[in-house]
Structures are given as structure tokens and as C-alpha cells.
Amino acid sequence: MKSFQGTAEITDEGVKKHFKNFESSNAIFELVWNGLDANARSVDIKTIFNEMDGLESVEILDDGDGIDIENLQNSFEKFNESSKKDNDDKHGSHGKGRLAFHRMCAAASWYTKGANYDARIDIDSGSIRDYQGSYLEEGKQHASLIDFDSGTCVVLRNFTENKILCDEDLIQKLSKEYGWYLALNSDRSIKLNGVEVHIPSHELHEKQVNVSDYDFSLKVIRWDDKPSSEKSYNYLIDDSNRIITKKLSKTNNKVAFYTSAYAFSAWLNDYDPDTLELDPKYSDANKAIKSLYQKMTEFQREIYKDYLRRFVDDEIQRFDEGGYFPDYKGQDIDYAKWRKENTKKFVRDIYLADPQVFNRLSVKPAKILIRLLDKILVSNENDTLFEVLDGVLDLNSENVERLANQLKATTLENIISTIESLQRRQQAIHQLKEVMDNRYSEVLETPDLQKIIENNTWLFGPQYTTLGAEEDTFTSIAKNLRSEIKDIGSISDSDIEEGLKVEGVNRQVDLFLARKVPIFDAKGQQIYKCVIVEIKRPGVSLNKKHLQQVDDYCEIISKHPAFGSQKMIFEILLIGRKISKDDFQIRLRMNNLKDKAELGLVSFDDKMKCYVKDWYTIFDEFELSNSYLLGTLNSKLEDLSQKTTKSIVVDLQEKRAKMT
């Protein structure tokens with residue numbers, strides 16, 4: 001049996017240093033590529049285990065041309081150089097992949113078969129630069145090659161790395177590594193333990209173009225995930241599906257955009273890039289190739305533009321679900337919704353204009369940036385924001401115009417939103433005045449005023465724009481404590497509005513609203529603000545008895561253990577149609593605290609504040625605080641004299657005016 005041997009042109013230390021950061025599974029990839037480069041139509045990978053479930057061996061079998069035993073000086077004796085160098089149709093153009101096996105095992109054997117020979121080559125990781133080989137006698141060839149005309153079976157043994165050989169993980173890695181190749185070569189197959197490696201998820205885009213009167217078929221595959229080793233290339237392919245040449249795509253720096261682009265044409269059969277580039281008489285062909293690459297780039301830009309829109313929409317949704325946008329606590333629901341959508345729209349435009357801005361940000365910086373943008377967008381400084389962005393972002397003229405238009409639209413939308421909100425609130429005040437002036441004796445049942453108040457808490461001031469949904473435990477305790485107030489439900493003659501009867505007023509009801517919302521105190525610490533609103537029935541005038549009830553309620557709350565937390569503060573509002581003309585105590589308490597500049601304040605300490613207001617004071621507060629805009633708008637208010645009380649109440653219950 002004839003033997004042979006040789007040594008690679010590098011030291012053992014040099015080989016191992018070269019593969020220092022090499023993933024062990026890549027050793028299998030390199031051996032598969034060697035088979036495909038040898039024109040294999042199929043490559044089968046098998047993992048073989050012993051009776052103790054230990055990894056015995058890995059076999060990589062291909063039906064390619066086999067190893068050229070007579071030319072080992074250009075394959076096994078070269079490192080970082082091989083006979084495949086500068087051949088774009090071949091992957092293993094550096095002559096080093098075969099030695100990567102030492103990252104996962106100690107020994108490798110190449111069984112190979114050609115037209116006139118059977119041979120075996122062995123390398124041990126202990127002396128990795130040296131190989132030993134021999135021609136095989138009949139019957140000594142590896143069993144898997146017996147029925148092949150040619151091919152190679154590489155056997156790896158004595159493993160030092162087992163963890164990468166989970167079939168599920170390895171087949172995913174194989175799919176990402178060879179996806180572009182399998183997509184181009186539908187007649188090739190790779191299997192792992194009998195399971196075929198499939199092309200990864202992707203989108204296929206096709207287009208016909210004409211360059212210099214020659215027809216080309218363009219195919220662009222956009223991969224959902226980045227291939228493991230192959231960058232985005234533009235490939236020129238002849239009629240034999242052979243890669244004539246390839247060039248890095250200009251899409252390589254795009255965000256999460258990975259492509260393999262192919263141009264097919266019979267014209268490429270005679271194209272030799274090395275010859276044509278050197279010979280001036282082929283300048284027309286070179287111009288055609290340059291134009292072809294340009295059309296491939298333009299096609300990919302079209303695909304990228306559509307892809308980026310979808311990608312950014314998914315990113316905005318991820319930001320939303322991840323809490324990147326403000327939660328707008330304390331804001332009206334409709335206003336908060338508009339503002340969030342407005343900020344989303346602007347963030348989307350920035351992302352589309354320059355995707356690198358958000359793509360490279362970690363969670364905290366992204367949240368800070370988005371929330372700062374949200375604040376500036378509703379300020380008077382959004383023109384300044386455009387100047388900043390235009391000076392920092394990498395924007396083309398189209399993106400500059402889009403951002404400028406968005407900021408103009410945002411300003412206009414803010415103005416329109418404010419006007420619409422103000423007009424809705426003005427109309428709500430107008431309707432409530434009608435109820436309190438002329439219809440209060442008809443508003444009898446709890447649902448009438450209850451829903452109006454819940455939908456229009458802005459009536460009590462901007463700090464009460466929205467109080468949120470009921471919190472069962474707090475609301476339940478607050479209601480139960482209310483029942484402990486002496487004579488809370490009794491009505492006397494002195495309480496009744498002039499002209500009404502006790503029987504009618506008794507059919508009316510008081511309203512009670514209790515909410516607990518998280519806020520930040522003056523020191524920036526988060527606390528709970530507990531708001532309790534007591535609205536006396538419309539037929540009752542507020543007097544000292546009701547003030548005493550508020551005082552009693554405050555005392556009951558202060559003694560209850562559930563409300564003793566230092567993280568809770570209380571605001572209690574007593575509201576009635578009007579304060580009795582005979583009352584003295586309420587007005588005295590207000591006068592004594594007028595230096596606090598809080599309208600209606602009747603008592604306060606560090607934990608609790610109490611206010612008394614009548615509806616007409618609330619109406620005047622709104623008109624005075626918005627007098628300039630109301631005067632400018634000069635809105636025509638609806639004549640309500642012909643409308644039924646029920647229709648006015650229903651309209652108020654459905655209104656929700658949004659405004660900060």
C-alpha cells in the first residue's frame with residue numbers, strides 16, 4: 001500500500017493561533033464547503049454515538065470530485081492560499097478550512113475517491129501541520145463511498161467539544177450558513193442525520209431589466225435573519241448557474257437588511273472580469289456591467305424602502321409594548337391618546353429618516369430620547385427641534401422635507417386640538433349652566449350627574465383632568481367611612497333651595513367620587529393622591545352643616561389605619577349648586593385662608609386639603625382662565641331652550657374634552 005506525507009507551510013502554533021476565536025461548529029461548515037467546492041450535489045452530515053451516548057464520530061460525506069491526490073501541494077500544503085484563490089464560485093479560497101477540525105476534536109481522516117484511485121489522509125491535532133496519507137487497496141475504502149464514482153468522506157474522532165452537536169441547534173446554523181447557496185443552487189442539498197437543511201425564511205423579489213440591449217433577470221432574496229458568514233453580495237451568474245463574479249452590495253450598512261442579489265443572463269457566459277478590465281477594447285462590456293450593478297442597487301433600494309417602513313412600524317410597536325413612550329398620567333384619556341399617536345408618528349419619521357438613531361440605542365437612552373421629543377413636540381420649541389435634527393441626522397432632501405412637514409403638522413394639530421378641546425369644554429359649561437339654572441329640579445337620579453362628573457373631572461381644575469378608574473379597595477373604604485358621618489343623608493328646611501319642597505329634594509341624591517392616583521411630590525418622590533368629591537344634590541344649598549360634615553369626614557379618615565401611610569395625601573372637594581345666602585362659616589373659612597391663593601380652600605395641613613365650591617364659581621373659573629381664547633374664538637353657543645333635560649344630560653355624559 002503506497003503511502004505519502006507532507007507538511008503545511010505554517011507552524012502548529014500558527015494554525016492554532018489563527019483559529020483561536022473560531023466557533024467549533026464552523027469546523028463542520030468548512031468541511032461542507034470543501035465538498036460543495038468540489039462540485040458535490042449532496043452533502044450528508046452524520047453524528048454517530050456509542051452505547052454510552054458519547055459522541056463517537058462525525059462524518060461529512062459528499063459526492064463531489066474527490067481530493068486531487070496528485071496535487072496536494074496546492075491544497076493540504078498551503079495555508080491562506082489555494083488553487084481556488086480568486087474564484088468567486090468557490091467558498092474555500094484560502095486553503096485553511098480543513099484544519100479547523102482541531103477546535104472540536106483531536107483527529108480527522110479524509111477518505112476520498114476519484115476515477116482511478118482510493119485514498120485516505122490523516123491529520124492529528126497534536127501535529128496539525130503534518131498529514132499522512134496512503135492509497136487504499138480494494139475493500140479498504142470507507143463504506144459510504146463504495147457506490148460513488150467519486151467523492152470524499154471526512155471522519156472526525158476523539159472529541160474535545162460536544163455541546164455544539166445538538167441536532168436542532170446545528171441544523172439552524174447550517175440553514176443560516178448555506179441558505180444563500182441553496183437558494184441559488186436548487187439542485188444541491190445538505191442533510192444532517194437524514195434531515196434536509198432548508199432555506200431560511202426570506203422574501204424573494206424578481207425583476208427583468210435591459211442593459212445595453214441585453215436582458216438580465218434580477219433576483220433579490222431578503223433574509224429575515226442575518227446569514228452567519230455571508231455578507232450581502234451582488235452576484236453575476238451565467239447559464240450554468242456558476243458565479244462569474246461578485247461584489248459587495250451597498251445594502252450592507254442598512255439596518256437589519258440582509259440580501260443576496262443575483263443577475264442571470266446568457267451574456268455573462270463569455271464574461272471574464274480579469275480580461276475585460278485589462279483590455280480597453282472591452283470598455284463597452286465594462287460599462288454594461290457597471291450599469292447592471294447600478295440597476296441591482298436601485299432594485300434593492302426599492303425593496304429596502306418598503307421593508308424599512310414595515311420594520312419601523314414593528315419597532316414602534318415594540319417601543320409601545322416596552323413602555324418607551326410616556327404614560328401621560330393625569331392627562332385626559334383622549335388628549336393622552338392623541339399625544340401618544342403624535343409622538344409615535346414623529347419617532348417613526350425620525351427612524352425612517354435615519355434608522356441608526358434608534359437602532360443603536362439601548363433601552364434607557366431610547367426611553368429618554370423619546371420622552372424628551374414628546375415634551376418638545378407640544379412646546380413652543382419644535383422649530384428649534386428641527387434645527388437640531390437637521391444638523392445631527394444623516395438626512396437627504398426628501399427626509400428633511402418630511403420632518404419639516406411633520407413638525408408643521410404637529411404645530412397645527414396642537415392648535416386645532418386646543419381649539420376643539422376649548423370649544424367642547426365651553427359647550428359643556430353652557431349645558432351645565434342650563435341644568436343648574438333651569439333644570440336642577442329635574443335631575444333626580446344618581447346616573448344623571450354621576451356619569452357627567454366622571455367624564456368631565458376637568459371641571460374642578462386642570463389637576464383633576466383625569467382621575468382614572470375606580471380602585472376597588474380605596475373607593476370601598478372611603479364610601480364606608482362616609483356613612484359614619486352624622487346626618488350625612490338628612491335634609492332640613494334650611495338646606496333646601498328656595499322654592500323647592502323637601503319631598504322633591506329627597507328624590508334627588510348626593511354624589512360621591514373617590515379615586516387614588518400615583519403622583520410625584522415636590523421632592524420628586526412618588527406618592528398617592530387620594531381625591532374625594534362630595535357633590536350635594538342640586539336642590540340643596542351648602543351651609544355650615546355641610547362644612548361640619550366635611551370636617552368630621554376628615555377626622556374619620558385621619559384615624560383610619562388604611563389611610564395612615566405617609567405616602568398618601570388627600571384632597572376633599574365639597575360641591576353644591578350654590579352656597580346658602582345665610583351661610584357665614586364657609587365664607588369665613590375661605591377668607592381666613594385666602595393668602596394661600598387656592599380658591600375654595602377651607603382647611604389644610606401636610607396630609608389633607610379641603611375645598612368648598614359652588615357650580616357657578618366653577619363656571620366662572622373656566623371662563624376667566626380662558627377668557628382671551630374664548631373671546632378670540634367668539635363661538636356661537638347652542639340654544640338649549642328647546643332641548644329636553646334628558647338629551648342635555650346624555651350629551652354631557654358622552655362629552656370628554658381633551659386639554660392640558
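The values are calculated or read from the model by the stated rules, or taken from the named source; none is laboratory data. Computed from a predicted structure; not experimentally measured. Here Cβ is always computed from backbone atoms with ideal geometry, including for glycine, and neighbour counts include all displayed protein chains. Quick note on the areas: whole protein, heavy atoms, side chains included, nothing else; ligands and nucleic acids left out. Shrake-Rupley method; radii C 1.70, N 1.55, O 1.52, S 1.80 Å.
Overview of values
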{"item": "Residues being of a type in the set (Val, Ile, Thr), within 17 Å of GLY323 (Cα to Cα) and modelled with pLDDT under 85 - total across segment 336-364", "result": "0"}
{"item": "Residues located in segment 34-61, provided they are polar (S, T, N, Q), farther than 17 Å from ILE146 by Cα and either open to solvent by less than 20 Å² (accessible area, probe 1.4 Å) or assigned to a strand (DSSP E or B) (or both)", "result": "THR47, SER57"}
{"item": "Residue in segment 157-179 that is touching a Cys at 6+ places or on another chain (Cβ under 6 Å), part of a helix (DSSP H, G or I) and touching a residue at least 12 places away in the same chain (Cβ under 8 Å) present", "result": "no"}
{"item": "Residue count for segment 7-59, restricted to those that are in contact (Cβ under 8 Å) with a residue 40 or more places away in the chain and within 23 Å of SER228 (Cβ to Cβ)", "result": "32"}
{"item": "Options SER201, SER232: the member that is polar (S, T, N, Q) and in contact with a strand residue (DSSP E or B) (Cβ under 6 Å, 6 or more places away or on another chain)", "result": "SER232"}
{"item": "Filter result for the condition that a residue is farther than 30 Å from ALA107 by Cα, basic (Lys, Arg) and open to solvent by 30 Å² or more (accessible area, probe 1.4 Å), over LYS176, LYS219", "result": "LYS219"}
{"item": "All positions within segment 62-81 that are acidic (Asp, Glu), part of a loop (DSSP other than H, G, I, E, B) and within 48 Å of the chain's Cα centre (by Cα)", "result": "ASP63, GLU81"}
{"item": "Residue in segment 566-576 that is at pLDDT 85 or above and of a type in the set (D, E, K, R) present", "result": "yes"}
{"item": "Failed criterion for ARG515 (all others in (1) modelled with pLDDT under 85; (2) of a type outside the set (Gly, Ala, Ser); (3) surrounded by fewer than 16 Cβ atoms within 10 Å (Cβ to Cβ) hold)", "result": "(3)"}
{"item": "Filter result (outside any helix (DSSP H, G or I), of a type outside the set (Lys, Arg) and surrounded by 11 or more Cβ atoms within 10 Å (Cβ to Cβ)) within segment 314-329", "result": "GLY322, TYR324, PHE325, PRO326, TYR328"}
{"item": "Of the criteria (1) more than 19 Å from ILE532 (Cα to Cα); (2) modelled with pLDDT of 85 or more; (3) not in a loop (DSSP other than H, G, I, E, B), which one ILE648 fails", "result": "(2)"}
{"item": "In segment 444-494, the residues that are at pLDDT below 65 and not in a helix (DSSP H, G or I)", "result": "LEU444, GLU445, THR465, THR466, LEU467, GLY468, ALA469, GLU470, GLU471"}
{"item": "Selected residue (criterion: farthest from PRO365 (Cα to Cα)) from residues of segment 301-346 that are among the β-branched types (Val, Ile, Thr) and in contact (Cβ under 8 Å) with a residue 40 or more places away in the chain", "result": "ILE303"}
{"item": "Pairs with Cβ under 6 Å, 6+ apart, first in segment 131-148 and on the phi < 0 side of the Ramachandran plot, second open to solvent by 60 Å² or more (accessible area, probe 1.4 Å) and polar (S, T, N, Q)", "result": "GLN132/GLN5; SER134/SER3"}
{"item": "Residue ID - nearest to VAL197 (Cα to Cα), chosen from residues in segment 1-33 that are part of a loop (DSSP other than H, G, I, E, B) and among the basic types (Lys, Arg)", "result": "LYS20"}
{"item": "Considering residues of segment 581-624 that are without any contact (Cβ under 8 Å) to a residue 24 or more places away in the chain and in a strand (DSSP E or B) only, the residue surrounded by the fewest Cβ atoms within 10 Å (Cβ to Cβ)", "result": "PHE604"}
{"item": "Looking only at segment 180-192, and only at residues there that are in contact with a strand residue (DSSP E or B) (Cβ under 6 Å, 6 or more places away or on another chain) and outside any strand (DSSP E or B), the one that is most open to solvent (accessible area, probe 1.4 Å)", "result": "ALA183"}
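A quick yes/no check of all residues on (1) modelled with pLDDT of 85 or more; (2) in contact with a Pro (Cβ under 6 Å, 6 or more places away or on another chain); (3) buried (at least 21 other Cβ atoms within 10 Å of the Cβ):
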position: LYS501; (1), (2), (3): no, no, no
position: ARG537; (1), (2), (3): no, no, yes
position: LYS545; (1), (2), (3): yes, no, no
position: TYR553; (1), (2), (3): yes, no, yes
position: LYS559; (1), (2), (3): yes, no, no
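Yes/no matrix, rows are residues, columns are (1) farther than 22 Å from ILE190 by Cβ; (2) small (Gly, Ala, Ser); (3) at pLDDT below 80:
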{"site": "SER3", "(1), (2), (3)": "yes, yes, no"}
{"site": "ALA27", "(1), (2), (3)": "no, yes, no"}
{"site": "THR47", "(1), (2), (3)": "no, no, no"}
{"site": "LEU61", "(1), (2), (3)": "no, no, no"}
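Residue-wise test of (1) outside any loop (DSSP other than H, G, I, E, B); (2) of a type in the set (Lys, Arg); (3) over 30 Å from ILE199 (Cα atoms); (4) modelled with pLDDT of 90 or more.
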site	(1), (2), (3), (4)
ASP225	no, no, no, no
LYS231	no, yes, no, no
THR245	yes, no, no, no
ASN252	no, no, no, no
